[in-house]
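As structure tokens, the structure follows; a few thoughts come after it.
The values are calculated or read from the model by the stated rules, or taken from the named source; none is laboratory data. None of these values were measured; they are calculated from a predicted model. Positions of Cβ are backbone-derived with ideal geometry, glycine not excepted, and every protein chain shown enters the neighbour counts. For the accessible areas, the whole protein counts, side chains as well, though only heavy atoms, and no ligand, DNA or RNA atoms are used. Shrake-Rupley method; radii C 1.70, N 1.55, O 1.52, S 1.80 Å.
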Amino acid sequence: MKPLSRVLCAVGIDERSNQVFEHALALARSHDAKLLILHAVSPVVAYNRGATERVDLLRRLRLRAEAAGVDVRVTVQQGPADEIILLHAKARNVDLIVIGISRKESRRGLSGWIAERVLRDGPCPTFVVPESSTAPTMFTESVLCAV
């Protein structure tokens with residue numbers, strides 16, 4: 001199995017971002033991997049809408065990663081979230097994508113569709129953090145592989 005050297009963490013500006021980030025941070029720390037935090041700004045809203053919250057959240061995530069001793073890079077780009085995630089995953093040759101999904105968003109067809117597209121078209125494995133997940137997963141005991 002190829003060791004992780006680059007973990008891409010795709011976050012939105014919502015309460016779920018912390019859970020997704022915690023999983024990505026734990027994986028990056030345990031593998032001494034670089035953590036790439038990515039936020040895609042929707043192309044249908046003004047780039048400066050929610051900018052204060054976005055900057056604050058991403059700054060806090062970066063500081064938490066640095067405090068944990070993880071090499072971190074934060075990127076914000078405007079465009080369709082699935083396309084931005086796939087673009088950065090391919091361009092940065094990441095080993096793992098960490099993305100979240102919630103029941104509410106999947107009913108609206110947002111996050112569920114984004115995660116599905118990333119799973120289907122991603123250049124590497126994708127770890128989808130479910131809404132019910134609370135503690136980071138380390139995969140040390142067992143993994144279920146459905147084929």
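Do the conditions hold for L36, that is, is it buried (at least 19 other Cβ atoms within 10 Å of the Cβ) and of a type outside the set (K, R)?
yes
Are there any helices (runs of 4 or more DSSP H) wholly within segment 1-113 with 1 or more residues that are of a type in the set (F, W, Y) and modelled with pLDDT of 95 or more, and if so which?
16-31
Please list, ordered by first then second residue, the pairs with beta carbon atoms under 8 Å, 6 or more apart or interchain, first in segment 4-24 and closer than 11 Å to V98 by Cβ, second of a type in the set (S, T, Y).
Final answer for the pair search is V11/S17; Q19/S133; Q19/T134; H23/S133; H23/T137.
Do we find that A24 is open to solvent by 20 Å² or more (accessible area, probe 1.4 Å) and either over 27 Å from L4 (Cα atoms) or of a type in the set (A, V, I, L, M, F, W, C) (or both) in this structure?
no
Filter segment 45-86 down to the residues that are touching a Lys or Arg at 6+ places or on another chain (Cβ under 6 Å) and exposed (fewer than 14 other Cβ atoms within 10 Å of the Cβ) and list them by number.
Within segment 45-86, A68, D71 qualify.
For E141, which of the numbered conditions (1) out of contact with any Asp or Glu (no Cβ under 8 Å at 6 or more places or on another chain); (2) part of a helix (DSSP H, G or I); (3) surrounded by fewer than 16 Cβ atoms within 10 Å (Cβ to Cβ); (4) at pLDDT below 90 fails to hold?
(2)
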